[in-house]
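Participant: Structure in structure tokens, see below.
The values are calculated or read from the model by the stated rules, or taken from the named source; none is laboratory data. In this text the structure is predicted, and so the values were computed from the model without any measurement. Because the Cβ atoms are built from the backbone with ideal geometry, glycine has one as well, and the counts that use them run over all protein chains shown. Surface areas here come from the heavy atoms of the whole protein model, side chains and all, with no ligands, DNA or RNA. Shrake-Rupley method; radii C 1.70, N 1.55, O 1.52, S 1.80 Å.
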Protein chains: 2
Amino acid sequence: MADLIAGCVEAGVDKVGLWREQVAEFGLEKTAALAKDAGLAVTSLCRGGFFNKPDWYDENRRAIDEAAVLGAPVLVLVSGGLPEGSRDIDGARAHVGDAIGQLVPYALDAGVQLAIEPLHPMFASDRCVVSTLSQALDLAAPYPSAAVGAVVDTYHLWWDDQVWAQIARAGAEGRIACFQAADWITPLPEGVLLGRGLPGEGCVELRRFREAVDAAGYDGPVEVEVFHADLWARPGAEILTATMSAYEQHVA
Amino acid sequence: MADLIAGCVEAGVDKVGLWREQVAEFGLEKTAALAKDAGLAVTSLCRGGFFNKPDWYDENRRAIDEAAVLGAPVLVLVSGGLPEGSRDIDGARAHVGDAIGQLVPYALDAGVQLAIEPLHPMFASDRCVVSTLSQALDLAAPYPSAAVGAVVDTYHLWWDDQVWAQIARAGAEGRIACFQAADWITPLPEGVLLGRGLPGEGCVELRRFREAVDAAGYDGPVEVEVFHADLWARPGAEILTATMSAYEQHVA
């Protein structure tokens, strides 16, 4: 965390999205203080959600608290897969909506927007039953946009021909909480989690996405979020340079 | 092929879907004659498509010819991924529709229905740009249903909350050409191709699918189509017994 914050300052990056695990490891208050002293704004915290787990209510309240301490305006929700042994995906999706509803007052009090992230359908059984932006917006619809928005992540949504209309809808409803860019590359690795490419390495129309969120009125930060074992094996400063360059060339 | 046909007869199975590679290896005329003598009907031939390849026109005419020789009423189309280096998925999908249109007269003459198969979105870049039943039906719409239908494959479509409405639409439009059952299991293997489960091993609401195609007026065969290295390593007769049992228990 210290290296990340120093590296961002060094590279002239003044905003960063963080993950709870790394924040907890370094210390929540310590992370918040270090980022603040460095003039680094925390754009979002990943991740709440996993509503298929028994402790989802308390765990998500903790995640909201953490986002508030970090000054992150957005908590990304990865909704979780099917409950163990269940085949009821409709029921699981409905439960996600109900669960988020129960968190809305707490999120509003904390000033943290909950951002439902649709994940690629290849994660529907084990990681996130919300698979499309349309589903995320339908789940968000009963609640005020200050409390519940959605994440537009190019990696998860690029294959969907409905996504352009849904981005426009998300903008009109004030629900684009977060915009994340990563590229789609194949072959996918075993387990399919760590298979993303830097912008430009794959086949996603990244600039079309950025122009679509722009046109929908989004003026928040762009997060580049790339999971890949080979990338992670490289030195941090080198990753940051490569990421900034890929962003400039293919997204900005 | 000889083992397969003998095994089906032995097990009391009177219909089978075949793949072009295995048919070619054994011999087209020889396969057709052996199946006919055994009283085994060929339900479908996999696969035409791959419209991103330069030879798609001639190759698909050959595939139609082969289906006709086998007496298969349906040729399954796996449409192919993006052309090398391309990011234009809209263009690739439009090309699929145009290409199918060029094959329609030939398919009608041969009495073979072309069946557009939507593949899971995880295959969108490298195997099939058609990802949803809605897309498949939109691509089929300009052509007569005797020439162009769609495949309903549970493995590819189970995550899609729109699939129930689209199955009803497919039935109303007379376009359910083929119904295939396989289950979704995780973790996915590297490359994600050989990761399917037998019916009942995973989380797909298989009987709900079968009831949905029934309700949509489909009265054709049900194909169980499972790709998994572990399953394929077992003896053929054992696979057939396990498949029939899984079908009876979870689909029929």
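Per-residue answers, yes or no, for (1) open to solvent by 10 Å² or more (accessible area, probe 1.4 Å); (2) of a type in the set (Lys, Arg); (3) within 9 Å of another protein chain (Cβ to nearest Cβ); (4) in a helix (DSSP H, G or I):
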site	(1), (2), (3), (4)
A:Gly91	yes, no, no, yes
A:Gln102	yes, no, no, yes
A:Pro144	yes, no, no, no
A:Val151	no, no, no, no
A:Asp161	yes, no, yes, no
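Participant: Residues A:Ala146, A:Ala172, A:Ala141, A:Ala124: which one is over 24 Å from B:Trp184 (Cβ atoms) and touching a Leu at 6+ places or on another chain (Cβ under 9 Å)?
Facilitator: A:Ala146
Participant: Output the number of residues of the range A:117-126 satisfying the condition of being more than 19 Å from B:Thr132 (Cβ to Cβ) and more than 9 Å from every other protein chain (Cβ to nearest Cβ).
Facilitator: In the first step, residues of the range A:117-126 are kept if they are more than 19 Å from B:Thr132 (Cβ to Cβ); the result is A:117, A:126.
Within this subset, residues satisfying the condition of being more than 9 Å from every other protein chain (Cβ to nearest Cβ) are A:117.
So the answer is 1.
Participant: Just to be sure I understand, how many residues within the range A:1-42 are open to solvent by less than 20 Å² (accessible area, probe 1.4 Å) and touching a residue at least 60 places away in the same chain (Cβ under 8 Å)?
Facilitator: 1
Participant: Of the residues that sit in the range B:194-237 and are assigned to a loop (DSSP other than H, G, I, E, B) and within 13 Å of chain A (Cβ to nearest Cβ), which one is nearest to B:Asp126 (Cα to Cα)?
Facilitator: B:Leu194
Participant: Residues in the range A:178-185: is at least one in contact (Cβ under 8 Å) with a residue 40 or more places away in the chain, open to solvent by 10 Å² or more (accessible area, probe 1.4 Å) and of a type in the set (Val, Ile, Thr)?
Facilitator: No, the range A:178-185 contains no residue that is in contact (Cβ under 8 Å) with a residue 40 or more places away in the chain, open to solvent by 10 Å² or more (accessible area, probe 1.4 Å) and of a type in the set (Val, Ile, Thr).
Participant: Need pairs with beta-carbon distance below 6 Å; first residue within 11 Å of B:Pro199 (Cα to Cα) and within the range B:233-252, second of a type in the set (Val, Ile, Thr) and open to solvent by less than 50 Å² (accessible area, probe 1.4 Å); sequence gap 6+ or separate chains.
Facilitator: Between residues of the range B:233-252 that are within 11 Å of B:Pro199 (Cα to Cα) and residues that are of a type in the set (Val, Ile, Thr) and open to solvent by less than 50 Å² (accessible area, probe 1.4 Å), the close pairs are B:Thr243/B:Val224; B:Tyr247/B:Val224.
Participant: Could we say that A:Arg210 is of a type in the set (Lys, Arg) and surrounded by fewer than 23 Cβ atoms within 10 Å (Cβ to Cβ) here?
Facilitator: Yes, satisfied.
Participant: Still on this structure, I have one more. With (1) in contact (Cβ under 8 Å) with a residue 12 or more places away in the chain; (2) over 24 Å from B:Ser145 (Cβ atoms) as the list, and B:Cys46 as the residue in question, which single condition is left unmet?
Facilitator: Looking at each condition in turn, B:Cys46 falls short on (2).
Participant: Something else now. Inspect the range A:60-70 for any residue being modelled with pLDDT of 95 or more, within 30 Å of A:Pro187 (Cβ to Cβ) and either away from chain B (no Cβ under 14 Å) or open to solvent by 10 Å² or more (accessible area, probe 1.4 Å) (or both) and give the result as yes or no.
Facilitator: no
Participant: Please state which of the following conditions A:Ala229 fails to meet, knowing it meets all the rest: (1) modelled with pLDDT of 95 or more; (2) out of contact with any helix residue (DSSP H, G or I) (no Cβ under 7 Å at 6 or more places or on another chain).
Facilitator: (1)
Participant: Let me ask you something else. Checking B:Arg87 against (1) over 24 Å from B:Pro142 (Cβ atoms); (2) assigned to a helix (DSSP H, G or I); (3) of a type in the set (D, E, K, R): exactly one of these is not met. Which one?
Facilitator: Answer for B:Arg87: the failing condition is (2).
Participant: Ok, one more. Mind checking which residues of the range A:169-188 are part of a loop (DSSP other than H, G, I, E, B) and within 14 Å of chain B (Cβ to nearest Cβ)? Steps first, answer last, please.
Facilitator: Pass one, the range A:169-188, residues part of a loop (DSSP other than H, G, I, E, B): A:173-175, A:182, A:185-188.
Within the range A:169-188, A:Ala182, A:Ile185, A:Thr186, A:Pro187, A:Leu188 qualify.
Participant: Additional query: Kindly list the number of the only condition in (1) touching a residue at least 40 places away in the same chain (Cβ under 8 Å); (2) out of contact with any Ser or Thr (no Cβ under 8 Å at 6 or more places or on another chain) that fails for A:Phe51.
Facilitator: Result: A:Phe51 passes all but (2).
Participant: Report whether or not B:Gly7 is of a type in the set (Gly, Ala, Ser) and out of contact with any helix residue (DSSP H, G or I) (no Cβ under 9 Å at 6 or more places or on another chain).
Facilitator: Details: of a type in the set (Gly, Ala, Ser): yes; out of contact with any helix residue (DSSP H, G or I) (no Cβ under 9 Å at 6 or more places or on another chain): no.
Taking the combined requirement at face value, the residue does not satisfy it.
Participant: Follow-up. Taking the conditions exactly as written (buried (at least 18 other Cβ atoms within 10 Å of the Cβ), part of a loop (DSSP other than H, G, I, E, B) and without any contact (Cβ under 8 Å) to a residue 24 or more places away in the chain), does A:Gly191 satisfy them or not?
Facilitator: No; evaluated as a whole, the condition is false for this residue.
Participant: Also, quick follow-up: Quick one: is B:Leu139 open to solvent by 10 Å² or more (accessible area, probe 1.4 Å) and within 14 Å of chain A (Cβ to nearest Cβ)?
Facilitator: Taking the combined requirement at face value, the residue satisfies it.
Participant: Only one of these conditions is not met by A:Tyr57: (1) closer than 27 Å to A:Gly236 by Cβ; (2) open to solvent by 60 Å² or more (accessible area, probe 1.4 Å). Which number is it?
Facilitator: (1)
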